[in-house]
Amino acid sequence: MELLANPFYETAFVLLVSAIIGAIGLRLRQPLIVTFIAVGILVGPSVLGWITPSEEMELFAHLGISLLLFVVGLKLDLHLIRSMGLVALATGLGQVAFTSIVGFLLALLLGSAPLTALYIAVALTFSSTIIVVKLLSDKREIDSLHGRIALGFLIVQDLVVVLVMIGLSALGSEGNLSLGMTLLQILLKGGLLLLGVGALMVAVLPKLLNYLAKSQELLLVFAIAWAVSLAALSEILGFSTEVGAFLAGISLASTSYREAIGARLVSIRDFLLLFFFVNLGSQLDLSLLGAQIGPALVLSLFVLIGNPAIVMAIMGYMGYRKRTGLLAGLTVAQISEFSLILAALGLNLGHISEETVGLITLVGLITIGLSTYLILYSHVLYERLSPALSIFERQIPHREEADDADYGAAGADVIVYGLGRYGGWLVNSLASKGLEVHGVDFDPENVRRWRRQGFSAHYGDAEDPEYPSHLALSTVKWVISSIPGIEVNRTLLHALQYHGYQGKLAVTVHNDQEDAVFQTSEVDLILRPFVDAAEQAADELVQILRPRPGER
């Protein structure tokens with residue numbers, strides 16, 4: 001189609017097709033990520049041939065990737081990196097080593113030559129940070145314990161893949177001395193990059209942001225410029241754009257403007273990421289896939305089962321619960337866009353054939369598609385598999401049990417799930433009226449913040465059916481969920497009933513659909529944050545708990 005040679009027309013066409021196919025996918029309850037990749041395949045060279053991968057598409061895709069990792073970095077601080085560093089490093093390197101070794105042996109058994117098997121093994125090793133972070137963000141789990149751990153080991157993978165690609169490039173051209181010198185240069189460049197950003201964090205960025213914050217528009221423009229510029233610098237130095245953009249976000253995470261910046265960037269990020277997924281789909285060459293279906297299925301099963309299993313084994317050994325291990329492990333059940341880039345590199349260097357590129361591409365299609373569903377329905381999957389997963393959990397999962405020991409809600413009158421803005425106001429209001437209140441949140445940093453303020457708080461997830469067993473429910477008169485959502489509150493209700501809770505339950509609703517569902521359920525009180533202030537809700541709860549004389 002000659003008309004689509006114009007970049008503006010091509011962009012308009014892609015947006016229109018994405019909206020139409022996205023609406024159909026929504027109707028069929030398909031994830032948007034899978035839908036947009038399908039759009040790329042449909043309109044790309046492999047099927048209809050209406051568009052081809054272009055510089056404009058790649059530019060939008062790179063901008064989306066940079067903003068995605070920047071927003072994630074904004075949510076982190078140095079304390080979190082220190083607390084999650086050990087498990088991220090152990091899990092990331094452990095999974096890389098396991099998948100590389102077993103993947104290499106598996107590729108040899110499937111008839112590949114040693115060098116080809118090496119490329120296949122490395123391609124199976126790395127998971128897609130972009131796809132995982134997008135899915136966890138959509139599920140609002142990026143701040144959960146398993147989300148933070150997953151993000152940590154995905155960043156470790158991104159750093160490893162840079163070193164691997166450098167090594168393979170050197171293997172194809174120059175000798176071992178060149179490889180050693182190249183690695184040394186990368187380490188020096190990385191050190192200088194960290195020192196430079198650290199100096200700016202201390203001496204320049206806080207004052208600069210205070211000045212720019214006088215204009216919200218200018219603050220937003222600077223944030224985008226900072227994210228993209230550091231991503232570009234990172235790539236120039238030999239790292240990936242993801243590493244630079246993530247570092248840019250971390251550099252602003254300790255400032256008081258991170259929430260304002262993050263909130264305004266979300267819509268821009270989601271818009272630009274559409275082009276990443278469409279572009280990814282349009283680059284897939286389906287003509288190379290036919291003869292590789294058998295080996296691809298074997299390797300895909302290994303990635304879908306083996307990668308999560310090794311993550312669960314490592315996390316279980318380190319003292320995490322099986323649920324945390326599974327939810328984190330499912331994030332590595334796919335191969336990365338880096339895997340396709342690696343395959344292209346190997347083809348250019350003459351190390352592998354087009355058939356091998358087709359094999360890696362097909363594994364990518366299968367694992368990205370299926371892992372999207374695994375992550376989206378991870379809680380349902382855990383409920384089904386929970387009994388069989390006990391082999392991945394120590395008898396006492398000490399890393400999480402240590403926090404449970406002193407915060408079991410003993411003696412509490414009220415338990416509040418969700419310590420965000422509305423839930424936090426409820427906790428403060430109820431505590432000020434003399435009630436013993438215990439807070440529960442799935443963000444470990446949020447829990448620590450409340451504990452530092454002197455409140456009883458505990459790490460936990462409302463969608464964890466086993467979690468109420470860790471709470472002393474005998475004295476509790478009310479459990480309040482400040483977390484909106486039909487499924488999450490249904491899960492909480494059933495879990496409380498299963499563990500013998502005899503008190504009352506209040507849930508928070510944000511729309512008429514949720515309101516209608518819970519009006520006919522076993523919920524005792526419905527809270528509406530956009531109608532009722534937290535103080536009013538607290539007064540109503542106190543009145544029910546402590547009726548006036550003569551009232552029942």
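The values are calculated or read from the model by the stated rules, or taken from the named source; none is laboratory data. Remember, it's a predicted structure, so these values are computed and weren't measured experimentally. Cβ placement follows ideal geometry from the backbone for every residue including glycine, while neighbour counts extend to all protein chains displayed.
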Check Ser251, Ser256, Ser267, Ser234 and return the single one that is of a type in the set (S, T, N, Q), at pLDDT below 80 and either assigned by TED's automatic domain parsing to the domain that holds Phe8 or not in a helix (DSSP H, G or I) (or both). Ser256
Write out, first by first residue and then by second, each pair whose Cβ atoms fall under 7 Å of each other, whose residues are 6+ apart or on separate chains, and whose first residue, in segment 491-515, is in contact (Cβ under 8 Å) with a residue 24 or more places away in the chain and not assigned by TED's automatic domain parsing to the domain that holds Leu471 while the second is surrounded by 19 or more Cβ atoms within 10 Å (Cβ to Cβ) and not in a loop (DSSP other than H, G, I, E, B). none
For segment 101-118, check the following and say yes or no: at least one residue is touching a residue at least 24 places away in the same chain (Cβ under 8 Å), aromatic (Phe, Trp, Tyr) and in a helix (DSSP H, G or I). no
So, in segment 339-381, how many residues would count as being touching a residue at least 12 places away in the same chain (Cβ under 8 Å) and under 17 Å from the mean Cα position of the chain (by Cα)? 12
Matching residues, segment 279-332, being surrounded by fewer than 24 Cβ atoms within 10 Å (Cβ to Cβ), of a type in the set (A, V, I, L, M, F, W, C) and in contact with a Gly (Cβ under 6 Å, 6 or more places away or on another chain): Leu288, Leu289, Ile314
Hits in segment 338-360 - residues which are surrounded by 23 or more Cβ atoms within 10 Å (Cβ to Cβ) and in a helix (DSSP H, G or I): Phe338, Ser339, Leu342, Ala343, Gly346, Thr356, Leu359, Ile360
The residue that is farthest from the chain's Cα centre (by Cα), considering only those in segment 178-201 that are among the β-branched types (Val, Ile, Thr) and modelled with pLDDT under 85, is Thr182
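Yes or no, residue by residue, for (1) farther than 28 Å from Leu374 by Cβ; (2) assigned to a helix (DSSP H, G or I); (3) not polar (S, T, N, Q):
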{"position": "Leu15", "(1), (2), (3)": "yes, yes, yes"}
{"position": "Gly22", "(1), (2), (3)": "no, yes, yes"}
{"position": "Val34", "(1), (2), (3)": "no, yes, yes"}
{"position": "Gly49", "(1), (2), (3)": "yes, no, yes"}
Name the pairs: first residue in segment 8-19 and at pLDDT below 90, second residue crowded, with 17+ Cβ neighbours inside 10 Å and not in a helix (DSSP H, G or I), Cβ to Cβ under 6 Å, at least 6 apart or on different chains? Glu10/Ile51
Just to be sure before I move on: is Thr241 touching a His at 6+ places or on another chain (Cβ under 7 Å), in contact (Cβ under 8 Å) with a residue 12 or more places away in the chain, surrounded by 20 or more Cβ atoms within 10 Å (Cβ to Cβ) and under 28 Å from Met57 (Cα atoms) in the structure I sent? yes
Look at segment 82-139 and say how many of its residues are surrounded by fewer than 23 Cβ atoms within 10 Å (Cβ to Cβ), aliphatic (A, V, I, L, M) and farther than 30 Å from Phe275 by Cα. 18
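Table: residues versus (1) under 28 Å from the mean Cα position of the chain (by Cα); (2) assigned by TED's automatic domain parsing to the domain that holds Gly503; (3) surrounded by fewer than 16 Cβ atoms within 10 Å (Cβ to Cβ); (4) modelled with pLDDT under 85.
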{"position": "Leu385", "(1), (2), (3), (4)": "yes, no, yes, no"}
{"position": "Glu400", "(1), (2), (3), (4)": "yes, no, no, yes"}
{"position": "Val414", "(1), (2), (3), (4)": "no, yes, no, no"}
{"position": "Ser429", "(1), (2), (3), (4)": "no, yes, no, no"}
{"position": "Asp441", "(1), (2), (3), (4)": "yes, yes, no, no"}
{"position": "Arg449", "(1), (2), (3), (4)": "yes, yes, yes, yes"}
